[in-house]
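Asker: My structure is below; once you've seen it, I'll send some questions.
The values are calculated or read from the model by the stated rules, or taken from the named source; none is laboratory data. The structure presented is a predicted model; accordingly, all values stated were derived computationally and were not measured. Glycine also receives a Cβ, built like all others from the backbone with ideal geometry; neighbour counts cover every protein chain displayed.
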Amino acid sequence: MGWVNDIIRCFREIRLDRDSGFIAWTDRVTEDRLRVLRRWNFLEAWAVFALMMAVVWCDYWLDGPIMWRFRLVLGIPTILWAFVLSPLVHYYWEGNVFVPPHRRALGWRYFYWECRGLGDPVAYYLPRNGEPPAVLRYWREVLTVIAMMTALYASAAVTFSSEIDARYASWYPTFGGKIPFLIVLILALDALWLFVGIPFMVRLDNFRNALRFIAAFLLGALVMILVFNGIFQVLLEPFRDALKSWHFLSLRGPVARERLAVLSDPLAIGGQWAGYVTWGWVQQFIFTSYFATLFARSFPIERSRSELLKACLCSAFVFGMIHLPNVWLMLFTFLGGLLGGILYYQMTNLFALGFSHGFAGSLLNKLTPINFSVGPDQMPRR
């Protein structure tokens with residue numbers, strides 16, 4: 001019951017993560033300077049979002065070589081700033097404001113990695129401040145991540161058995177059969193997580209606490225998507241033919257009621273989820289580690305629920321808008337981004353959010369009759 005109560009508590013109360021650079025320590029800064037810093041974070045987030053949208057959507061109004069030159073000239077500096085340089089610049093100007101006093105001895109690397117929900121790859125392998133490497137200190141968390149991914153890969157091996165046969169059957173004799181081949185393949189993927197993925201993608205020091213938020217997100221996503229399925233059944237499926245002419249609203253594939261059968265086959269969901277975890281993490285790295293972090297520092301989120309809601313709404317809006325012009329995905333990702341933002345500000349663990357995102361995306365794909373394509377290619381050509 002204790003575990004269940006922990007999950008329920010995720011929905012009943014909000015306890016912000018006060019160790020991860022979201023909250024200003026006002027004893028270190030004047031109100032005027034803090035106001036300037038908050039404005040900087042807010043305006044930078046929207047400016048970078050506008051640049052990203054221009055890079056994505058230039059395909060709609062530019063052609064061929066001009067379009068690619070535009071993307072390179074604008075896109076590379078934007079990516080370099082947002083994901084490499086911006087955290088360093090912000091640390092220089094505001095690290096002493098947003099990093100709590102008991103964490104400041106960890107220096108710029110803590111602000112650069114952990115405060116964005118990431119793992120510190122250096123601290124994973126080497127001692128830091130007299131403490132053993134994270135891979136040893138948090139070996140239980142490491143094994144938990146590997147066990148989670150192994151379960152999903154095993155589901156994928158069952159779900160996509162025929163596809164694996166078509167591609168790799170010629171390799172089976174080398175390994176003594178299909179089962180040994182699959183075991184070696186899953187172990188190789190686990191090793192990739194152990195030595196490459198976890199050091200960078202998983203923040204280990206708060207991962208144990210993040211597990212309850214993973215469970216809360218999975219439960220929230222399941223309920224939300226089942227509600228969407230019901231709405232499609234009752235309100236939209238009767239108009240499926242009429243919606244065909246509305247490209248951004250049209251329905252595809254099996255009807256919503258038939259899709260519920262997938263709930264009796266969890267391996268099918270797990271199989272798709274296995275491939276979605278990394279893509280979910282990439283999306284969260286782009287939108288949460290950067291935009292959600294800046295928006296959290298733009299508002300005094302610790303003072304009231306309304307200030308926290310402002311940060312969550314801004315972050316969710318950015319996440320939803322990148323899915324233009326797909327109306328259904330914009331709606332789903334906005335609501336999912338709102339839930340994810342509220343949970344992320346309490347756990348600051350990007351892998352936990354990406355893992356949960358993988359489940360939500362897989363289930364949404366299985367249970368809703370919508371198109372998942374986004375971007376300028378979905379617009380009528382000029």
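Asker: On the given criteria, is Ala47 in a loop (DSSP other than H, G, I, E, B) and either surrounded by 14 or more Cβ atoms within 10 Å (Cβ to Cβ) or of a type in the set (A, V, I, L, M) (or both)? Outline the logic, then answer.
Answerer: Working: in a loop (DSSP other than H, G, I, E, B): no; either surrounded by 14 or more Cβ atoms within 10 Å (Cβ to Cβ) or of a type in the set (A, V, I, L, M) (or both): yes.
Against the criterion (in a loop (DSSP other than H, G, I, E, B) and either surrounded by 14 or more Cβ atoms within 10 Å (Cβ to Cβ) or of a type in the set (A, V, I, L, M) (or both)), Ala47 does not qualify.
Asker: Does region 188-217 hold any residues that are small (Gly, Ala, Ser), within 18 Å of Thr278 (Cβ to Cβ) and assigned by TED's automatic domain parsing to the domain that holds Phe285, and which are they? Outline the logic, then answer.
Answerer: Going through region 188-217, the residues small (Gly, Ala, Ser) turn out to be 188, 191, 197, 210, 215-216.
If we keep only those that are within 18 Å of Thr278 (Cβ to Cβ) as well, we get 188, 191, 197, 210.
Matches in region 188-217: Ala210 only.
Asker: Might you check whether a residue that is surrounded by 21 or more Cβ atoms within 10 Å (Cβ to Cβ) and assigned by TED's automatic domain parsing to the domain that holds Arg35 occurs anywhere in region 373-380? Spell out the reasoning first.
Answerer: Quick first cut of region 373-380, residues surrounded by 21 or more Cβ atoms within 10 Å (Cβ to Cβ) only: none.
Scanning region 373-380 turns up no residue that is surrounded by 21 or more Cβ atoms within 10 Å (Cβ to Cβ) and assigned by TED's automatic domain parsing to the domain that holds Arg35.
Asker: Moving on to the next point. For region 11-40, enumerate the residues that are under 21 Å from the mean Cα position of the chain (by Cα) and surrounded by fewer than 19 Cβ atoms within 10 Å (Cβ to Cβ). Quick ask: steps written out before the conclusion?
Answerer: To start, the set of residues in region 11-40 that are under 21 Å from the mean Cα position of the chain (by Cα) comprises 11, 14-22.
Phe11, Ile14, Arg15, Leu16, Arg18, Asp19, listed by residue number.
Asker: In this structure, is Tyr91 surrounded by 14 or more Cβ atoms within 10 Å (Cβ to Cβ), without any contact (Cβ under 8 Å) to a residue 24 or more places away in the chain and touching a helix residue (DSSP H, G or I) at 6+ places or on another chain (Cβ under 7 Å)? Before the answer, list the steps.
Answerer: Values: surrounded by 14 or more Cβ atoms within 10 Å (Cβ to Cβ): yes; without any contact (Cβ under 8 Å) to a residue 24 or more places away in the chain: yes; touching a helix residue (DSSP H, G or I) at 6+ places or on another chain (Cβ under 7 Å): yes.
Criteria met by Tyr91.
Asker: Among the residues of region 321-337, what is the count of those that are in a helix (DSSP H, G or I) and surrounded by fewer than 21 Cβ atoms within 10 Å (Cβ to Cβ)? Walk me through it before giving the result.
Answerer: So in region 321-337, the residues in a helix (DSSP H, G or I) come out as 321, 327-337.
Going one step further and asking which of them are surrounded by fewer than 21 Cβ atoms within 10 Å (Cβ to Cβ), we end up with 321, 327, 330-331, 334-335.
Within region 321-337, residues that are in a helix (DSSP H, G or I) and surrounded by fewer than 21 Cβ atoms within 10 Å (Cβ to Cβ) number 6.
Asker: Something else now. Just to be sure I understand, how many residues within region 10-32 are in a helix (DSSP H, G or I) and in contact (Cβ under 8 Å) with a residue 24 or more places away in the chain? Spell out the reasoning first.
Answerer: So in region 10-32, the residues in a helix (DSSP H, G or I) come out as 10-12, 26-28, 31-32.
Applying the additional criterion that residues be in contact (Cβ under 8 Å) with a residue 24 or more places away in the chain yields 10-11, 28.
Qualifying residue count, region 10-32: 3.
Asker: Right, next: Condition check: assigned to a loop (DSSP other than H, G, I, E, B), hydrophobic (A, V, I, L, M, F, W, C) and in contact (Cβ under 8 Å) with a residue 12 or more places away in the chain. Does Ile7 satisfy that? Before you say what the answer is, go through the steps one by one.
Answerer: Numbers: assigned to a loop (DSSP other than H, G, I, E, B): no; hydrophobic (A, V, I, L, M, F, W, C): yes; in contact (Cβ under 8 Å) with a residue 12 or more places away in the chain: yes.
No.
Asker: When you check Tyr60 against the structure, is it in a helix (DSSP H, G or I), at pLDDT 90 or above and either hydroxyl-bearing (Ser, Thr, Tyr) or surrounded by fewer than 12 Cβ atoms within 10 Å (Cβ to Cβ) (or both), yes or no? Give the steps one after another, and end with the answer.
Answerer: Working: in a helix (DSSP H, G or I): yes; at pLDDT 90 or above: no; either hydroxyl-bearing (Ser, Thr, Tyr) or surrounded by fewer than 12 Cβ atoms within 10 Å (Cβ to Cβ) (or both): yes.
Answer is no for this residue.
Asker: Taking region 196-255 as the region of interest, how many residues are surrounded by 15 or more Cβ atoms within 10 Å (Cβ to Cβ), aromatic (Phe, Trp, Tyr) and more than 17 Å from the chain's Cα centre (by Cα)?
Answerer: Of the residues in region 196-255, 3 are surrounded by 15 or more Cβ atoms within 10 Å (Cβ to Cβ), aromatic (Phe, Trp, Tyr) and more than 17 Å from the chain's Cα centre (by Cα).
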